[in-house]
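Participant: Below is one structure. I have some questions about it.
The values are calculated or read from the model by the stated rules, or taken from the named source; none is laboratory data. Note that the coordinates shown come from a computational prediction; the quantities given were computed from them, not determined experimentally. Note that we place each Cβ from the backbone using ideal geometry, even for glycine, and neighbour counts take in every protein chain shown. Please note that ligands, DNA and RNA were not included when accessible areas were found on the heavy atoms of the full protein model with its side chains. Shrake-Rupley method; radii C 1.70, N 1.55, O 1.52, S 1.80 Å.
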Amino acid sequence: MNVDLTPEQDQLRDAVRALGRKYGHGYFVEKAKTGGHTTELWNEAGRLGYLGVNIPGEYGGGGGGITELAIVCEELAAAGCPLLLLVVSPAIAATVINRHGTEEQRKRFLPGFADGSLKVVFAITEPEAGSNFHRLGTVARRDGDDWLLSGRKCYISGVDEAQYVLVVARTEDAATGKLKPALFVVPTDAPGLTRSKLDMEILSPENQFLLYLDEVRLPADALVGESLDAGLPALFAGLNPERITVAAMGAGTGRYAIERASEYTATRKVWGGRSIGSHQGVAHPLAHAAVQVELARLMIHKAAVLYDAGRDLEAGVAGNMAKYASGEAAALAVDTAVQALGGAGMTTEYGVATLLGAVRAGRIAPVSREMILNFVAQHVLGQDKSY
Ligand SMILES: Cc1cc2nc3c(=O)[nH]c(=O)nc-3n(C[C@H](O)[C@H](O)[C@H](O)COP(=O)(O)OP(=O)(O)OC[C@H]3O[C@@H](n4cnc5c(N)ncnc54)[C@H](O)[C@@H]3O)c2cc1C
């Protein structure tokens, strides 16, 4: 594996870093506290082509891969702007449509992903099913050529900002009579689709929602892919990009926190002439967190390179490990940064405690640390399932 980025990837990293710093964490926090969205940042990133780096060139995108999208996610987060919508829209939804949509769906949706004008969020989680997607209760049934969708989804991010939500439902297989997963592109203003905003203890301009689908009528071409057989592979297609980009976002957040804390501890003096960073009790936890973040970044790069090389199974293992490592490292880095700043760490002004909720959530969503450990135990260590 080559650990160096290509010159183009290096340029992308520098350019996204500059854009992120132009907005910065103050902008992110202000939007979160006033109930706004990071629309200006999103639109500018879209205009500059950063949101469509992984969309094929023939549909107006950058023609790159998840490596490039992970760079965008990491650098914006490293500037204090961790955007979850990057994970759900260009990473999950665009990949699913690109890989498993019909040509008509690719032509219809991919150009909007490429320039960022289209946001499609992703709805799989349900109140009763939780981590067990085999229990999904959202059902799609045929009514003539149309589909009728009914069910409930929870914690769905960004519905208020998106034009569509990619809903994971179940349909009856005519051959076996069994229910199998299928994905539907549902307009967020479709009759029968209602939402209520959840009160979350996360300081973020991106919101989570409960979704209620009550006989939502959809045309035949709302089903992703040519047939119901596309459902399961389409669902799995989104998983690796999701794990890799959310991990990149976590690593960027960790870098941001460590940078803030290091600047502070290098200059803060409360015992005469020495900085508090000269005390190993302050510096070592920061150095330890920096090591964890850097290890996570290495695994993210490995997972992205494997994914872009089409080595999906290996990318699955590396992507899950990267997501686990990054989730833990980001939480450690932010908590350590808060501690190193003392009282200043808890202020809004210094901009680190503002990320505590987000990094805590990163150990639960989009896949919890326990479900990743289950995956590793079963697929790497050959252990039996307990469930
Ligand atoms: C900020 C945020 C944004 C989100 N955005 C989205 C979104 O856009 N779209 C979407 O579909 N979902 C979204 N989610 C939902 C998220 O994916 C789920 O919360 C997550 O998958 C866990 O499901 P659950 O909350 O139902 O937990 P549960 O499944 O109820 O699990 C509760 C706890 O038990 C543990 N657990 C469960 N089963 C096992 C097991 N077999 N072995 C060991 N431990 C186990 C879990 O790890 C967890 O710690 C979001 C969640 C958050 C917090």
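Participant: As a test of the formula, what do you get for the chain when each DSSP H run with n ≥ 4 contributes -39,500 (n - 2.57) and the sum is divided by the residue count, at 222 nm and rounded to the nearest 500 deg cm²/dmol?
Facilitator: -15500 deg cm²/dmol
Participant: Hey, another quick one. For a quick check of your reading of the filter: which GluC sites (Glu not before Pro) in the stretch 41-128 sit in a DSSP loop and have no more than 11 other Cβ atoms within 10 Å?
Facilitator: Glu128
Participant: Turning to a different aspect of this structure: Grab the other residues whose beta carbon is less than 14 angstrom from that of Arg13, score K and R as +1, D and E as -1, and report the net.
Facilitator: -3
Participant: Given a 1.4 angstrom probe, I'd like the percentage of the accessible area of the chain that is carbon and sulfur, rounded to a whole number.
Facilitator: 53 percent
Participant: Roughly how far apart, in whole Å, are the Cα centres of the stretch 96-171 and the stretch 229-302?
Facilitator: Their Cα centres are 31 Å away from one another.
Participant: Would you work out if the stretch 1-116 is rounded, prolate or oblate? Take a ≥ b ≥ c from the square roots of the eigenvalues of the alpha-carbon gyration tensor; rounded if a/c is under 1.5, else prolate when a/b is larger than b/c, oblate otherwise.
Facilitator: Note, shape of the stretch 1-116 comes out oblate.
Participant: Can you tell me which of Asn54, Asn43, Asn132 moves the most in a GNM of the chain? Springs connect C-alpha atoms under 10 Å apart.
Facilitator: Looking only at Asn54, Asn43, Asn132, the biggest GNM fluctuation is shown by Asn132.
Participant: I would also like to ask the following. Placing unit charges on C-beta atoms (Lys and Arg positive, Asp and Glu negative, everything else neutral), compute the dipole magnitude of the stretch 261-318 about its Cα centre in debye, rounded to 20.
Facilitator: Once rounded to the nearest 20, the dipole reads 400 debye.
Participant: Something else now. Hey, can you find the accessible area per residue of the stretch 51-126 for me, probe 1.4 Å, expressed in square angstrom?
Facilitator: Ligands and nucleic acids excluded, the result is 25 Å² per residue.
Participant: Of the listed pairs Lys31/Lys197; Lys153/Lys180; Lys31/Lys153; Lys33/Lys269, which have alpha-carbon separations greater than 22 Å here?
Facilitator: Where the Cα-Cα span goes over 22 Å, the pairs concerned are Lys31/Lys153; Lys33/Lys269.
Participant: Then there's this: Determine the relative contact order of the chain: mean sequence separation of Cα pairs under 8 Å and six or more apart, normalised by residue count, in whole percent.
Facilitator: 16 percent
Participant: Let me make sure I get this right: for the stretch 72-173, a, b and c are the square roots of the gyration tensor eigenvalues over alpha carbons, sorted descending. Under 1.5 in a/c it's rounded, otherwise prolate if a/b > b/c, else oblate. Which is it?
Facilitator: On the way: a/c = 2.41, a/b = 1.37, b/c = 1.76.
It comes out oblate by the Cα gyration axes.
Participant: Something else now. Based on alpha-carbon atoms only, what is the radius of gyration of the chain relative to the globular estimate 2.2 N^0.38 Å?
Facilitator: On the way: Rg = 21.1 Å, N = 387, 2.2 N^0.38 = 21.2 Å.
The value comes to 1.00.
Participant: Next question, about the same structure. Expressed as an acute angle from 0 to 90° and rounded to the nearest 10, what is the orientation of the C-alpha long axis of helix 280-308 relative to the principal long axis of the chain?
Facilitator: Its long axis makes an angle of about 30 degrees.
Participant: Same structure, new question: Using Cα positions and a limit of under 23 Å, work out the lysines in reach of Lys107, with same-chain residues fewer than 8 apart set aside.
Facilitator: Lys119
Participant: I'd like the distance separating the alpha-carbon centroids of the stretch 173-193 and the stretch 9-52, in whole Å.
Facilitator: Using only Cα atoms, the two centres lie 34 Å from each other.
Participant: Which whole-number value in Å² is the accessible area per residue of the stretch 236-387, probe 1.4 Å? Walk me through the numbers before you get to the answer.
Facilitator: Numbers: 7200 Å² over 152 residues.
On a per-residue basis, 47 Å².
Participant: Mind checking which of Gly252, Gly64, Gly343 has the largest fluctuation in a GNM of the chain, springs on alpha carbons under 10 Å?
Facilitator: Gly343
Participant: Taking 25 °C and 0.890 mPa s as the conditions, I'd like the Stokes-Einstein D for the stretch 281-387 in µm²/s, using the Kirkwood hydrodynamic radius from alpha carbon pairs.
Facilitator: It comes out at roughly 162 µm²/s.
Participant: Right, something else. Report, by chain and number, residues whose modeled amide H sits under 5 Å from the one on Ser157, excluding near sequence neighbours (fewer than 5 apart, same chain).
Facilitator: Long-range HN contacts for Ser157: Phe122, Phe209.
Participant: Something else about it: Run the dipole for the chain about the Cα centre, Lys and Arg Cβ at +1, Asp and Glu Cβ at -1, nothing else charged, and hand back the magnitude in debye, nearest 20.
Facilitator: Dipole size: approximately 940 debye.
Participant: Under 9 Å from the Cβ of Ser275, count the other residues' Cβ atoms, weight Lys and Arg +1, Asp and Glu -1, and hand me the total.
Facilitator: For residues surrounding Ser275, the net value is +3.
Participant: Which of the trypsin sites (Lys or Arg not before Pro) found in the stretch 93-189 are loop residues per DSSP with 14 or fewer other Cβ atoms within 10 Å of their Cβ?
Facilitator: On the way: sites: Arg99, Arg106, Lys107, Arg108, Lys119, Arg135, Arg141, Arg142, Arg152, Lys153, Arg170, Lys178; in loops: Lys119, Lys178.
The qualifying sites are Lys178.
Participant: Quote the relative contact order of the stretch 159-227 in percent (integer), defining contacts as alpha-carbon pairs under 8 Å separated by 6+ residues.
Facilitator: This gives 30 percent for the stretch 159-227.
Participant: Still on this structure: Near Lys178, which aspartates and glutamates are there with a Cα under 14 Å away, not counting those fewer than 8 places off in the same chain?
Facilitator: List returned: Asp229.
Participant: Can you tell me which of Leu85, Leu136, Leu298 moves the most in a GNM of the chain? Springs connect C-alpha atoms under 10 Å apart.
Facilitator: Leu298
Participant: Using Cα-Cα distances under 8 Å and only pairs 6 or more residues apart, what relative contact order does the stretch 35-107 have, in percent?
Facilitator: Reported relative contact order: 21 percent.
Participant: Does the stretch 210-254 classify as rounded, prolate or oblate by the C-alpha gyration tensor (a ≥ b ≥ c root eigenvalues; a/c under 1.5 gives rounded; else a/b over b/c gives prolate, otherwise oblate)? Can you show the working numbers first?
Facilitator: Values: a/c = 4.11, a/b = 1.79, b/c = 2.30.
Verdict is oblate for the stretch 210-254.
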